[in-house]
1. What is the set of long-range amide H partners of Lys152 at a cut-off below 5 Å, with H atoms built 1.01 Å from backbone N?
2. With the cut-off at 17 Å, report for the range 158-222 the share of all Cα pairs above it, as a whole percent.
3. Summarise the long-distance tail of P(r) for the chain by giving the % of C-alpha pairs beyond 30 Å.
4. Starting from the Cα of Lys85, draw a straight line to each of the lysines and keep only those under 27 Å, dropping any in the same chain fewer than 8 residues away.
5. Grab the DSSP H runs of the chain that are 4 residues or longer, score each as -39,500 (n - 2.57), total them, divide by all residues and round the 222 nm result to the nearest 500 deg cm²/dmol.
6. Restricting the count to DSSP beta bridges whose residues both fall in the chain, what percent are antiparallel, rounded to a multiple of 5?
7. Amide H to amide H, which residues 5 or more places from Cys164 or on other chains are under 5 Å from it, using H placed in the peptide plane?
8. How fast does the range 90-199 diffuse by Stokes-Einstein, in µm²/s, taking the Kirkwood radius from C-alpha pairs at 25 °C and 0.890 mPa s?
Amino acid sequence: MTARAAERLAGRPRGGRPQPGPVRLCRLGDTDCAATWREMQRFTAARDAATPDELWLTSHPPVFTLGLAGRPEHLLRDIGVPLLKIDRGGQITYHGPGQAVAYLLLDLARRGLGVRELVFRVEQAVIELLAGCGLRGERRAGAPGVYVAGAKIAALGLRVKNGCCYHGVALNVDMDLAPWAAINPCGYAGMPVTQLRELGAGLDWQSAGELLLERLKWQIEK
């Protein structure tokens, strides 16, 4: 028996389906977006009913990502940033240094969570983080994510497969916002984008990411 198999069996209650258990927090540092996406796919394909849920915190080099139903015309011009077509929902967004990205690798069926409820909880985690910085975060009907005074500060996109999800939420912390002008953010022409630094919160992406992990974990486990 492998160590991983033994670990899974140790958490399996006798005569019943495993309980969700605590969410594991994984701090990956800076990672390549495409490689991390492929690893999320592998993790999700290999998991079983006893695999612990995980949250991955990372930041990526500059990259535009386009969701499954994404329209390529939302990339307005080529500025030398690569475009990666991936399998989450949503349109086009930007990842770059200084942005905290939290990926949610969860067994939604085991936790009794629907997609709408999960989106609400993820948004609430960001809203609570912003409140701790003295900022008011808001939702926007029909446009998942979190906004401050109408400007988007956090983008959200998920993929659900066999009752399990991956992908997650990206929070703008202390980054170069210029590349956002080359796209229609999340498919909305002229949508303003902001970040914690512009709003007076003196955090780096790792510090903000730790706060994000803490609040996501609480929202998921409650």
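1. So Lys152 has HN proximity to Val193, Thr194.
2. On the way: 1207 of 2080 pairs.
For the range 158-222, the share of Cα pairs beyond 17 Å comes to 58 percent.
3. Numbers: 5210 of 24531 pairs.
For the chain, the share of Cα pairs beyond 30 Å comes to 21 percent.
4. Those lysines meeting the cut-off are Lys152, Lys161.
5. Numbers: 5 runs with 61 residues, N = 222.
Value at 222 nm, helices only, nearest 500: -8500 deg cm²/dmol.
6. Working: 29 of 39 bridges.
Looking only at bridges with both residues in the chain, the antiparallel portion is about 75 percent.
7. Leu108
8. On the way: Rh = 14.4 Å.
Translational diffusion coefficient: 171 µm²/s.
Read-outs throughout are calculated quantities, based only on the coordinates presented, and are distinct from any laboratory measurement. These numbers come from a predicted model, not from an experiment. Using ideal geometry, Cβ is built from the backbone for each residue, glycine included, and neighbour counts are taken over all protein chains shown.
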